[in-house]
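Asks: Take this structure, written in structure tokens, and hold onto it; I'll ask about it next.
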Amino acid sequence: MQPLEVTLFGGFALRRGADVVPPIASRVGRSLFAYLAVHQGAALPRERLVHEFWPELSEPRGRRRLSHTLWQLQDALSELPGEASYLDVGTDTLAFGASAPVTVDVLEFERGLDDLRHLRTVADLRSRDLLRLEQVVELYRGDLLDGHYEPWVRAEQERLAQRYLDALAVLVDMAKRLGAYDDALVYARRITHQDPLREDAHREVMRLSMLLGRPSEALRQYERCGEVLAEELGAAPSASTAELYERILRQGRGHAVATAEPEPFPERIPLVGRDRERAAALEVVDAALAGRGGAVLVEGDPGLGKSRLLEELADDAGWRGFAVTAARAADAGRAAPFALIRQLIAATLTPLRLEHLRHRVELVWLAEVARLVPEAARAVTEPPPGERRLRGDEGAQRMRDAAVRVLLALTDIDPLLLVADDLHGADPDSLGVLADLAARLDEHRGVLLLAYRAEEARQRPDVWQVVQDIDRRLRPARLLLAPLDVFSIGEVTRVVARGHRIEPAAAARLGQETGGNPLFV
């Protein structure tokens, strides 16, 4: 026997196979049927149903109204062939038959989401999980009983709409982790359609559009966001959204093509000649989105563009939704212990992340890090258990352990890119934290992006040991920056010369005289 298909998302419809079941006559009858269906198998007291549907009536009148509506339902269901019993009618209770051959889209939607709850935390995503979640989300064709305004409907509409939004957010995250940015953009747009006031969703659409090379779509999304906020709330986009808009404008200008008119002198010369290195680094970044953390080592002499490459990679990671924290190591002889790590942690500690850390890191470790990073003290809401204060090497190792725990916890909150420039100048304690972190990063959503001058790094055994340890443990992308070739030199000079190209022979001469060093070019 084909089951009765009950559709409640987007309206009310009953089908059996290819046949549409005649509609239930009254609006309250459809609402009552839907109420019983979403509570399938539960014996609901008649008193509760009277109070829910006819609160303004006395108990006797309400019961008579319930009996009349129940008769309408039974009359409609009697038209179905077969002997199936869809309603269990008791003296004091009503229930939608637990054994009735019926499917209810709302129940399938909720069961599907419950079965896939693990996808919020799983690191090694599977394509079949993504497919299953997509199928579940497709069941949501619109708000529950769209057009009905009974109190129970409104409450359930809000609850189910939130579950739908949460599922879409998981799909966005999963698609990004798998590198399916087109799919992620589709799901992010659905969030803005369901809840147009969610600025975070508008920003996600803007970032993904930019990541896919569609800056005009990103700018249009900002305009739509502004229009909705102005119309609904009389407000302008937040500072975060406006800042993202400005970044897109700046990046768009940076990629503008040459025209017949002379270009203005660039505020920032585009990165050229590093496409291979950039692509190799982004493979590590994309793998980290899927929970396979890694490292990128950038090695080169002064002037070859290490810092500029780090800036571009940090920007690329930002479009992918990474939290990015960056620091430059000072001279190790003058730096305080853990100076580099203190900078990296402090830059990540927003109030929201601090709140998350309180639930992810034991109090004793948070208190230890707070001695190094005062901002972390806001997450220490009570004194930690009394412990002996450690000194010397023992205390340094404890701080290393605490810093690693906090950094790993941060990668569980958001994908995290840790950028350390001039690693050859890092203090020994910070180097120890980076080595310990690298040993545990492969199952977290984090990337170490470390740059150093080759000769100076080799002159410091502690720095070179960390580089070798990371190389052995994580098999990182190791980028050895070479001088620019003649073609890249020509591109740099075209930009600096405001659109005018130079002859290849002139570019070759520049290469000879500068050694292809971008700074000297």
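Asks: What value, in deg cm²/dmol to 500, does the helix sum -39500 (n - 2.57) over DSSP H runs of n ≥ 4 give at 222 nm once divided by the residues of the chain? Please list the in-between numbers first.
Replies: Details: 21 runs with 285 residues, N = 521.
Using -39500 (n - 2.57) per qualifying helix, the result is -17500 deg cm²/dmol.
Asks: OK, next. Multiply the residue gap between LEU57 and ARG111 by 0.36 nm, knock off their C-alpha separation, and tell me the result in nm, one decimal place. Mind showing how you got there, number by number?
Replies: Numbers: separation 54, 0.36 × 54 = 19.44 nm, distance 3.57 nm.
Using 0.36 nm per residue and subtracting the Cα-Cα distance, I get 15.9 nm.
Asks: Keeping all protein chains in place and using 1.4 angstrom, which order do THR7, THR493 fall into by accessible surface area, from largest down?
Replies: Details: THR7 40, THR493 20 Å².
Accessible-area ranking of THR7, THR493, largest first: THR7, THR493.
Asks: Let me ask something else. Out of the total accessible area of the stretch 126-253 (probe 1.4 Å, heavy atoms of protein only), what percent is carbon and sulfur? Before the final figure, lay out each step's value.
Replies: Working: 2960 of 6230 Å².
On the stretch 126-253, the fraction of accessible area on carbon and sulfur atoms equals 47 percent.
Asks: Just read off the accessible area of HIS202 with the full protein assembly in place, 1.4 Å probe, to the nearest 10 Å².
Replies: 10 Å²
Asks: Further, regarding this structure: By how many degrees, 0 to 90 and rounded to 10, does the Cα axis of helix 351-360 deviate from the longest principal axis of the chain?
Replies: With both axes taken from Cα atoms, the answer is about 80 degrees.
Asks: If you don't mind, there's one more thing I want to ask. Enter the accessible area of VAL272 (Å², nearest 10), with the probe set to 1.4 Å and all protein chains included.
Replies: Using a 1.4 Å probe on the heavy atoms, I get roughly 30 Å².
Asks: Once phi is turned into ³J(HN,Hα) by the Karplus curve 6.51 cos²θ - 1.76 cosθ + 1.60 with θ = phi - 60°, what whole-Hz value does each residue of the stretch 192-208 show in order, with x for glycine and proline?
Replies: Once rounded to whole Hz, the list reads 5, 6, 6, 9, x, 8, 7, 5, 4, 6, 4, 5, 4, 4, 4, 5, 5.
Asks: Report the longest stretch of the chain that contains none of the GluC sites (Glu not before Pro) sitting in a DSSP loop with at most 13 other Cβ atoms within 10 Å.
Replies: 84-266
Asks: With labels modelled as points extended 7 Å from the Cα through the Cβ direction, what inter-label distance (nm, one decimal) is found for TRP71 paired with GLN2?
Replies: For TRP71 paired with GLN2, the spin-label model returns 3.2 nm.
Asks: Pairs of alpha-carbon atoms within less than 8 angstrom and 6+ residues apart define the contacts here; what relative contact order does the chain have, in percent?
Replies: Values: 767 pairs, mean separation 70.4, N = 521.
Across the chain, relative contact order equals 14 percent.
Asks: Follow-up. Provide the FRET efficiency to the nearest 0.05 for the GLN397-LEU480 pair, computing r from the beta carbons and using R0 = 35 Å.
Replies: Numbers: r = 33 Å, r/R0 = 0.95.
Rounded to the nearest 0.05, the efficiency is 0.60.
Asks: Using only the Cα atoms, work out Rg/Rh for the chain, with Rh taken as the Kirkwood radius, to two decimals.
Replies: On the way: Rg = 30.5 Å, Rh = 27.5 Å.
Checking Rg against Rh, the ratio lands at 1.11.
Asks: Continuing with the same structure: With everything on Cα atoms, drop me the angle between helix 127-138 and the longest principal axis of the chain, reported from 0 to 90° to the nearest 10.
Replies: So the helix axis and the longest Cα principal axis differ by about 50 degrees.
Asks: Separate question: In terms of solvent-accessible area of protein heavy atoms at a 1.4 angstrom probe, what is the ranking of VAL361, VAL20, highest value first? It would help to have the intermediate numbers written out before the result.
Replies: Working: VAL361 15, VAL20 100 Å².
Ranking VAL361, VAL20 by accessible area, largest first, yields VAL20, VAL361.
Asks: What stretch of the chain, leaving out the sites themselves, is the longest with no trypsin sites (Lys or Arg not before Pro) in a DSSP loop having at most 14 other Cβ atoms within 10 Å? Show your work: numbers first, answer last.
Replies: On the way: sites that count: ARG126, ARG141, ARG268, ARG334, ARG388, ARG389, ARG391, ARG498, ARG501.
Formally, the longest exposed-site-free interval is 142-267.
Asks: Using only Cα atoms, find the angle between the long axis of helix 151-177 and the longest principal axis of the chain, and express it within 0 to 90 degrees, rounded to the nearest 10.
Replies: The angle comes out near 30 degrees.
Asks: For a quick check of understanding: with a 1.4 angstrom probe and all protein chains in place, what accessible area in square angstrom does ILE248 have, to the nearest ten?
Replies: Using a 1.4 Å probe on the heavy atoms, I get roughly 0 Å².
Asks: Count the net charge of all other residues whose Cβ sits under 12 Å from the Cβ of GLN2, scoring Lys and Arg as +1 and Asp and Glu as -1.
Replies: Values: positive: ARG15, ARG16; negative: GLU5, ASP19.
With Lys, Arg at +1 and Asp, Glu at -1, the net is 0.
The values are calculated or read from the model by the stated rules, or taken from the named source; none is laboratory data. As the structure is a computational prediction, the values presented were derived from the model and not from experiment. Methodologically, a virtual Cβ is constructed for each residue, glycine included, from the backbone with ideal geometry; neighbour enumeration extends over all protein chains shown. Accessible surface areas use protein heavy atoms only, side chains included; no ligands, DNA or RNA. Shrake-Rupley method; radii C 1.70, N 1.55, O 1.52, S 1.80 Å.
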